[in-house]
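*Asks:* This structure is in structure tokens; I'll ask about it shortly.
The values are calculated or read from the model by the stated rules, or taken from the named source; none is laboratory data. This structure is a prediction, so every number in the text was calculated from the model and none was measured. For neighbour counting, all protein chains shown are included, and Cβ atoms are generated from backbone atoms with ideal geometry for every residue, glycine included. In case anyone asks, the SASA skips ligands and DNA or RNA and just uses the protein heavy atoms, side chains included. Shrake-Rupley method; radii C 1.70, N 1.55, O 1.52, S 1.80 Å.
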Amino acid sequence: MTRGTTPVSIQREPELAGQTVVLIGGSAGIGLETARRARTEGAEVILTGRNPDKLESAAADVGARHTAAFDANDPAALRTFFEGLPTPIDHVLVTAGGPRYAPLLEMDADQVRRELSDHMVLGLEVARSAANKTRPGGTLLFMGGTGGRRIGHGLGIASAATAALPPFTAALALELAPVRVNLIAAGFVDTPLSASLLGDRLDERRNELRTKLPIGRVVGAADVAALAVHIMCNTALTGATYDIDGGQQFVF
């Protein structure tokens, strides 16, 4: 007589249980999707953004503990936000800001200075404000891109700004240790922001990517969120840049 076996259910403990994740730019796209992913791993989430109505909707969607509406590029508002947080935090993801594209010769000196520095200045202000609030081993996580690595017409100053982010991240990781600092470099990600930028060319771009990318599909916000949460959970990761573009940089 054969004896049947009873399946054993193995339950995995949530990896961010009891932790707090702050999303700077968390009302939509990658920030909101990362909040959703962090919640499934047991974290409490705090969302910030400029639009109070979008924040309220996003908070209801993911069950956020707290929201704050302000412009992340305002250093005073950023400091006030972090100073007002009631408890120590564990992880901060910054999705606000990003490179802008314009021909170099159409830019004046002030525009060049601004485009070269804005993303790093935002990162630096977040680091200054969050440093004393973030527990040792926690994460400060920035967003960059892979598309700006190539030199081409129309990219303008974006290539230089993109190149500056990895060494900036590595240097900040040394200064903020034991808080960890990392950079996610994404290609095209199918988000509401991408839709607003491309307009009626969105479907054309999606089809092009499905055809040409080695992965055979378009990268979505959930893909980036999964990477972000992994970096938060893996305490051996700091000072590094993690590409997530489906191989876009190799075929375009």
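*Asks:* Counting Lys +1, Arg +1, Asp -1, Glu -1, what net charge surrounds ALA69 among other residues with beta carbon under 10 Å of its beta carbon? Mind dumping the intermediate values first?
*Replies:* Details: positive: ARG50, LYS54; negative: ASP53, GLU56, ASP71.
Result for the neighbourhood of ALA69: -1.
*Asks:* On average, how much accessible surface per residue is there in region 103-233, in Å², for a 1.4 Å probe, leaving out ligands, DNA and RNA?
*Replies:* Values: 6460 Å² over 131 residues.
Dividing the accessible area of region 103-233 by its residue count gives 49 Å².
*Asks:* Could you please report the charge total around VAL219, scoring K, R as +1 and D, E as -1 over all other residues with beta-carbon less than 14 angstrom from its beta-carbon?
*Replies:* Values: positive: ARG205, ARG206, ARG210, LYS212, ARG217; negative: GLU33, ASP190, GLU208, ASP223, ASP243, ASP245.
That works out to -1.
*Asks:* Shifting gears a bit: Local charge sum around ILE30 (other residues, Cβ-Cβ under 14 Å, Lys/Arg +1, Asp/Glu -1)? The partial results should precede the final answer.
*Replies:* Details: positive: ARG36, ARG37; negative: GLU33, ASP190, ASP223, ASP245.
The answer is -2.
*Asks:* Order the following by accessible area, largest value first: SER159, SER117. Probe radius 1.4 Å; ligands, DNA and RNA are ignored. Before the final figure, lay out the partial values.
*Replies:* Working: SER159 15, SER117 40 Å².
The ordering from most to least exposed comes out as SER117, SER159.
*Asks:* Let me ask you something else. Name the residue, out of ALA185, ALA77, ALA236, whose mean-square fluctuation peaks in a Gaussian network model built on the chain with Cα pairs under 10 Å.
*Replies:* Top of the fluctuation ranking is ALA236.
*Asks:* Relative contact order of region 153-252: what whole-number percent is it, with Cα pairs under 8 angstrom and at least 6 residues apart? All intermediate terms of the calculation are to be shown ahead of the outcome.
*Replies:* Values: 103 pairs, mean separation 40.1, N = 100.
Relative contact order of region 153-252: 40 percent.
*Asks:* Of all the accessible heavy-atom surface of the chain, with the other protein chains kept in place and a 1.4 Å probe, what percent is carbon and sulfur?
*Replies:* Numbers: 7120 of 13210 Å².
So the carbon and sulfur contribution to the accessible surface is 54 percent.
*Asks:* Only loop residues by DSSP count here, and only those with at most 12 other Cβ atoms within 10 Å; note down the trypsin sites (Lys or Arg not before Pro) in region 121-178 that meet that. Could you put the intermediate results ahead of the total?
*Replies:* Values: sites: ARG128, LYS133, ARG149, ARG150; in loops: LYS133, ARG150.
When the trypsin sites (Lys or Arg not before Pro) of region 121-178 are filtered for loop state and at most 12 Cβ neighbours within 10 Å, ARG150 remain.
*Asks:* Order HIS153, HIS230, HIS119 by their accessible area, 1.4 angstrom probe, all chains in place, largest first. Provide the component values of the computation, followed by the final result.
*Replies:* On the way: HIS153 200, HIS230 95, HIS119 40 Å².
So the residues, ranked largest to smallest area, are HIS153, HIS230, HIS119.
*Asks:* Here is a follow-up. Loop only by DSSP, 14 or fewer other Cβ within 10 Å of the Cβ. Give me the trypsin sites (Lys or Arg not before Pro) in region 201-247 that pass, ordered by residue number.
*Replies:* Details: sites: ARG201, ARG205, ARG206, ARG210, LYS212, ARG217; in loops: ARG217.
Those that pass, being in a loop and sparsely packed, are ARG217.
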